[in-house]
Every structure is written in C-alpha cells, then in structure tokens.
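Here the structure is laid out as structure tokens; the discussion comes afterwards.
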Amino acid sequence: MARQVKKIICIVCPRGCEITVEIEDGEIKSIKGYTCPLGKKYAEKEVVNPERILMSVVKCINGDLPVVSVKTSKPIPLSMMKKASKALSDVSVEAPVKIGDKIIDNLLDLGVEVVATRPCNEERRAE
Ligand code: SF4
C-alpha cells in the first residue's frame, strides 16, 4: 500500500491556507486545512492534474523590440508546458501588436488562446 502526504499552499486567494492531501494507492483519501470549498477544489486539481498559466515570448517582426511577451488565456496542464513553450518558439507576429491581441487561437488544441501582454510597436526607420 503506497501512502503519500502532499502539502499544498492554496493560491486561490491571499489567505494562503496550507492544505494537506493524503493519497493512498493513487487515490485521495483525505484533504485537510482548507478554509472554503474553493481550496478543496484547488487541492484536488493540484494533486490530480496541476495547471499553470504559461508566460512566454514570441518573435516580433519589424518591431521596436525583437520579441513580444505573451501568456495563455487560461491555465494549461503542467505536463503540457514544455510542448507549449516549444510551440511558441516557432511563432512570430508582425508589428504592431497591442496588449490583449490574440496571437494563437487554440494552442495545441488545449482550448486556450495565447494573448500579448506587452505592446510591440513598428520599428521606426531612418529616412
Ligand atoms: S482555502 Fe479558501 S480561504 Fe484558504 S486560501 Fe484557498 S481560497 Fe482562500
């Protein structure tokens, strides 16, 4: 019988409750330490299928900066982070780019958009 205890800090709100999840043979046996149902839900997800927002950059063509910073519109599975980062390394956009511009519609079929978090203006050329 494989027993495991995981300590998780809930990041849903600033209170930061410390939650303890007891897992036995891959199944959640108990969850303790949460103050509200959101924390319980967060802890379950964190143990079964943790997710994070991916922040990265993509190339900006003819921009005043070589890259523009981007993020996913929703969290994606941690297990997909590496693949998603690699996919973004092949992406380039043409300046100008505004904050909130959609860079990718559906990243790796995960149902999330990738949006710009910084502007990238057109490069000024000497006349
Ligand atoms: S368990 Fe509830 S109160 Fe505690 S940090 Fe999470 S969301 Fe906030």
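The values are calculated or read from the model by the stated rules, or taken from the named source; none is laboratory data. All values reported here derive from a predicted model rather than from experimental measurement. Glycine gets a Cβ as well: all are built from the backbone with ideal geometry, and neighbour counts include every protein chain shown.
Worth pointing out:
- Filtered residue count, region 113-127, keeping only those that are out of contact with any Pro (no Cβ under 8 Å at 6 or more places or on another chain), assigned to a loop (DSSP other than H, G, I, E, B) and surrounded by 12 or more Cβ atoms within 10 Å (Cβ to Cβ): 4
- Screening Glu22 against (1) modelled with pLDDT of 95 or more; (2) of a type in the set (D, E, K, R); (3) surrounded by fewer than 16 Cβ atoms within 10 Å (Cβ to Cβ); (4) not in a strand (DSSP E or B) leaves a single unmet condition, (4).
- Pairs with Cβ under 6 Å, 6+ apart, first in region 60-79 and over 19 Å from Val115 (Cβ atoms), second among the hydrophobic types (A, V, I, L, M, F, W, C) and assigned to a loop (DSSP other than H, G, I, E, B): Asn62/Ala95
- Glu51 at pLDDT below 95 and among the charged types (D, E, K, R): yes
- Neighbours by Cβ (under 6 Å, 6+ apart or cross-chain): first from region 2-18, within 6 Å of the ligand (Cβ to nearest atom); second among the β-branched types (Val, Ile, Thr): Cys10/Ile19; Gly16/Ile9; Cys17/Thr35
- Boolean, Gly39 is away from the ligand (no atom under 16 Å from the Cβ) and among the small types (Gly, Ala, Ser): no
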